[in-house]
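The values are calculated or read from the model by the stated rules, or taken from the named source; none is laboratory data. In this text the structure is predicted, and so the values were computed from the model without any measurement. So basically every Cβ, Gly included, is an ideal-geometry build from the backbone, and we count neighbours across all protein chains shown. What goes into the accessible areas is simple: the full protein's heavy atoms, side chains included, and nothing from ligands, DNA or RNA. Shrake-Rupley method; radii C 1.70, N 1.55, O 1.52, S 1.80 Å.
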Amino acid sequence: MTFRRLVASDFAAIRDRDPAARGRIETALTYPGLHAIVAHRIAHRLWKANWKFAARLLSYLARAATGIDIHPGAKIAAGFFIDHGAGVVIGETAEVGRDVTLYHGVTLGGVSWSPGKRHPTLEDGVMVGAGAKILGPITVRAGARVGANSVVVEEVPAETTVVGIPARIVQTDRPLNQTYRVDLNHHLIPDPVGRALAQMTDRIAFLEARLAARDRTGAALDRSAPTTKPDGCSVHQDRRPH
């Protein structure tokens, strides 16, 4: 795909996915995520042409201007959108598929100093919530969602939602009839720990109620239990007050 078409797809992604995007001129001039990805697409071409210093310098200047750090070696497909953008970091060997959305504070980082593939791969249609960290040469499969502030260190299956530290699968399908333009609820995700605690609380309350009922039944049986006289005859004790 040509440079012009790539930039046009990034611009269209903002218009499609951000309800706050109004006029075309305002979008072009005031979205740091757009400025960062345009600069990266130039820097990436310089990087591939072995103009390493020029690529790194352009990447540094873009970071200073936008607060978004994208290594010129990273591979990013069309339709990329960084919402707000501040604090986003994308490492050298990261690979990002088509129509991916990142929120502010996202890191696509490495966990090794060894050469080779060190950073994650995000397939088409992935959404990564604010502050999430995806670390190592793992793959987030197509259509997956990463909850805000999650730390992902293992592969994420397609069309699932993960959340937590480390991230765990909490949803295995995406809600129906939901488009990118309204799919912004990256904070409205299930809490598996809270759900487990709630279930334990309900179970404890149920067991306490059963024990209380058993104690009441046992006390009633004790009050009505017969006693035995020395001659072996049983008599019923009437414990009612006279």
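Among 93-105, 152-164, how do they line up from the highest to the lowest mean number of other beta-carbon atoms within 10 Å?
93-105, 152-164
Suppose every K and R has +1 on its Cβ and every D and E has -1 on its Cβ; what is the size of the dipole of region 118-163 about the Cα centre, in Debye to the nearest 20?
So the dipole magnitude of region 118-163 works out to roughly 180 debye.
Find how much the distance from residue 168 to residue 65 grows on full extension, using 0.36 nm per residue of separation minus their present alpha carbon separation; answer in nm with one decimal.
So the extension gain works out to 33.6 nm.
Could you report region 21-147's accessible area per residue, 1.4 Å probe, as an integer in Å²?
44
Quick one: check the C-alpha center-to-center distance for region 22-37 versus region 42-110, whole angstrom.
Taking the Cα centre of region 42-110 as reference, the centre of region 22-37 is 16 Å away.
Set the Förster distance to 30 Å, then compute FRET efficiency between residue 92 and residue 153 from the Cβ-Cβ distance, nearest 0.05.
For residue 92 and residue 153, the calculated efficiency is 0.95.
Quick query: amide H of residue 70 versus all other amide H atoms, modeled in the peptide plane; which residues come in under 5 Å with a sequence gap of 5 or more or a different chain?
Amide H neighbours of residue 70: 90.
In nm, to one decimal, how far is the residue 4 label point from the residue 56 one, both placed 7 Å along Cα→Cβ?
Going from the residue 4 label point to the residue 56 one covers 3.4 nm.
Go through 19-26, 120-127 and give me the packing order, highest mean Cβ count within 10 Å leading.
Order by mean packing, descending: 120-127, 19-26.
By how many nm would the segment from residue 113 to residue 215 lengthen if fully extended, with 0.36 nm per residue of separation less the alpha-carbon distance?
Between residue 113 and residue 215, full extension yields 30.3 nm more.
With a cap of 15 neighbouring Cβ atoms within 10 Å, and only residues DSSP puts in a loop, list the chymotrypsin sites (Phe, Trp or Tyr not before Pro) found in region 1-91.
Of the chymotrypsin sites (Phe, Trp or Tyr not before Pro), the ones in loops of region 1-91 whose Cβ has at most 15 other Cβ atoms within 10 Å are 51.
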